[in-house]
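Heads up, the thing below is written out as structure tokens.
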Amino acid sequence: MTHHHEIPSYLKHDDLGPWGVYLEQIDRVTPYLGNLARWVETLKRPKRILIVDVPIERDNGTIAHFEGYRVQHNTSRGPGKGGVRFHQDVTLSEVMALSAWMTVKNAAVNVPYGGAKGGIRVDPKTLSQGELQRMTRRYTSEINIIIGPNKDIPAPDVNTNEQIMAWMMDTYSMNQGSTASGVVTGKPISLGGSLGRHEATGRGVFVVGCEAASQIGMEIRGAAVAVQGFGNVGGVAARLFVEAGARIVAVQDHASTVVRAGGINIAALQAHVAATGSVAGFHGAEEIADREQFWGIDCDILVPAALEQQINETNAHKIRAKLILEGANGPTTPGADDILRERGVLVVPDVIANAGGVTVSYFEWVQDFSSFFWTEDEINLRLTRIMREAFGTVWQLAQEKHVSLRTAAFILACTRVLQAREMRGLYP
Ligand code: GLU
């Protein structure tokens, strides 16, 4: 099928990073795509990749250069959509995979977008606020040629927030000479942001968690939950699980791991993280030094809400949870997927579990276009309805086809993307 195609080197199929994981996921879904499999190569190549140099003047007068990316994986169903990540480990392979997962996610929950993602390889903790602003503005100017409210709409991701979205919106608007609030989502409320956007990803994790738990006869009340990542996703999900009567028995972040079988006081931990930058040194729980021990913690629900490839063939057999909710993008490798499925652990995949964020981004974009803003109740109601519907459809498909929820979500999403691809046809 593809034998006569030259595969560009940056698409290497032996990539051991996130892009390789994504390609394996596509290979696993291909047998279920019927005649649409003719188009599957479309999903194995991003539509457009932009690599930019981002120079800034440091506060001390020296010049620093950072490498930035914006990848538009697919626009068959609508404009590109996806976050921007600032992290010292950002690579092109990672941004490509993240952009592709956005294509799948947006199609899985049926919001009218393709998939895109951006990033800068930088540890933002090493920058002053002024340097962070200059870097964000220069990056936005560099990717200005491919973004826009109808072209590609960035949003927050790891280490980016409302303030960075405000700077991006302002930079784009200054370049074009008028305010374009719909060019990014995840903005501050005062600049056309949406109520409920900040909590949306964590809320979506919680909503699908409740649906999944009820399918396997698990009560949320009294359940023990372990969370990796205590940012916008893990922190909010943890709070909602506690409000529903669960207890958080372990939290791991970039710096440390804290455990307490009786349940961690999440408000206190949040205050500690706000003050110190991490869970390290929190007195309300026991701190454990060996990071790997986190995976063997006794719990019912595990929420990986940090980075990719955390659950892999070396730790998947240790996991004691019966339910895994992927708050992060790409936290589980295909090898780990197989081990978990064999062991009867239910995995709700990222493309459903964390789709609440982009779903409310869609609401924000719609509100910006109509300059008419909805109430928070309305937003949460619509979010909950979309998440439940998507989960229900994927659950049913998984039962029918005897496949994992991930493969079912990919069947649903890739079918939608490739149907659009086929109907639009090739140009010229
Ligand atoms: N960065 C989030 C994600 O990975 C949200 C993207 C968006 O809202 O566009 O889904």
A careful count of residues in the stretch 31-81 that are within 16 Å of the ligand (Cβ to nearest atom) and touching a Pro at 6+ places or on another chain (Cβ under 7 Å) gives 5
Spot the failing condition for residue 238; the list is (1) open to solvent by 10 Å² or more (accessible area, probe 1.4 Å); (2) away from the ligand (no atom under 16 Å from the Cβ); (3) touching a helix residue (DSSP H, G or I) at 6+ places or on another chain (Cβ under 7 Å), and only one is missed.
(1)
The stretch 357-379: number of residues that are away from the ligand (no atom under 16 Å from the Cβ) and touching a Lys or Arg at 6+ places or on another chain (Cβ under 9 Å)
1
Considering only residues of the stretch 73-90 that are within 17 Å of residue 328 (Cα to Cα) and β-branched (Val, Ile, Thr), which is surrounded by the most Cβ atoms within 10 Å (Cβ to Cβ)?
84
For residue 262, are the conditions met, namely being open to solvent by less than 70 Å² (accessible area, probe 1.4 Å) and on the phi < 0 side of the Ramachandran plot?
yes
Answer from 178, 194 - the residue that is out of contact with any Leu (no Cβ under 8 Å at 6 or more places or on another chain) and closer than 23 Å to residue 376 by Cβ
194
Scan of the stretch 265-281 for residues that are surrounded by 12 or more Cβ atoms within 10 Å (Cβ to Cβ), under 16 Å from residue 247 (Cβ atoms) and not β-branched (Val, Ile, Thr), ordered by number:
265, 268, 269, 270
Qualifying residue in the stretch 93-114 (condition: of a type in the set (Val, Ile, Thr), away from the ligand (no atom under 12 Å from the Cβ) and over 14 Å from the mean Cα position of the chain (by Cα))
no
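Answer yes or no: is there a residue in the stretch 396-415 that is farther than 21 Å from residue 30 by Cα and open to solvent by 30 Å² or more (accessible area, probe 1.4 Å). Write out each step before concluding.
Just the residues of the stretch 396-415 that are farther than 21 Å from residue 30 by Cα, to begin with: none.
No, every residue in the stretch 396-415 fails to be farther than 21 Å from residue 30 by Cα and open to solvent by 30 Å² or more (accessible area, probe 1.4 Å).
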Please determine whether any residue of the stretch 182-189 is without any contact (Cβ under 8 Å) to a residue 12 or more places away in the chain, open to solvent by 40 Å² or more (accessible area, probe 1.4 Å), under 20 Å from residue 361 (Cα atoms) and assigned to a helix (DSSP H, G or I).
yes
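Every residue, every condition in (1) closer than 24 Å to residue 19 by Cα; (2) polar (S, T, N, Q), yes or no:
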{"position": "325", "(1), (2)": "yes, no"}
{"position": "332", "(1), (2)": "yes, yes"}
{"position": "347", "(1), (2)": "yes, no"}
{"position": "374", "(1), (2)": "no, no"}
{"position": "382", "(1), (2)": "no, no"}
{"position": "389", "(1), (2)": "no, no"}
{"position": "397", "(1), (2)": "no, no"}
{"position": "404", "(1), (2)": "yes, yes"}
{"position": "408", "(1), (2)": "yes, no"}
Residues that are touching a strand residue (DSSP E or B) at 6+ places or on another chain (Cβ under 9 Å), over 24 Å from residue 238 (Cα atoms), touching a residue at least 24 places away in the same chain (Cβ under 8 Å) and open to solvent by less than 60 Å² (accessible area, probe 1.4 Å): does the stretch 369-386 have at least one?
no
Residue check for residue 245: under 16 Å from residue 203 (Cα atoms), surrounded by fewer than 14 Cβ atoms within 10 Å (Cβ to Cβ) and of a type outside the set (Asp, Glu)
yes
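Take the residues in the stretch 142-169 that are open to solvent by less than 50 Å² (accessible area, probe 1.4 Å) and farther than 27 Å from residue 274 by Cα; name whichever of them is farthest from the ligand (Cβ to nearest atom).
Taking the stretch 142-169 and keeping what is open to solvent by less than 50 Å² (accessible area, probe 1.4 Å), we get 143-144, 146-149, 152-158, 160, 164-169.
Now narrow it down to the ones that are farther than 27 Å from residue 274 by Cα: 143-144, 146-149, 152-153.
Working: 143: 15, 144: 18, 146: 15, 147: 12, 148: 14, 149: 13, 152: 10, 153: 7 Å.
Taking the candidates together, the pick is 144.
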Tally of residues being assigned to a helix (DSSP H, G or I), among the β-branched types (Val, Ile, Thr) and in contact with a strand residue (DSSP E or B) (Cβ under 9 Å, 6 or more places away or on another chain) across the stretch 232-268
2
Subset of the stretch 286-334 (residues that are buried (at least 16 other Cβ atoms within 10 Å of the Cβ) and assigned to a helix (DSSP H, G or I)):
294, 295, 316, 334
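The values are calculated or read from the model by the stated rules, or taken from the named source; none is laboratory data. Keep in mind it's a predicted model, so treat the numbers as computed, not measured. Reconstructed Cβ throughout: ideal geometry from the backbone, glycine too, with neighbour counts over all protein chains shown. Heads up: the accessible areas ignore ligands, DNA and RNA and are worked out on the full protein's heavy atoms, side chains in. Shrake-Rupley method; radii C 1.70, N 1.55, O 1.52, S 1.80 Å.
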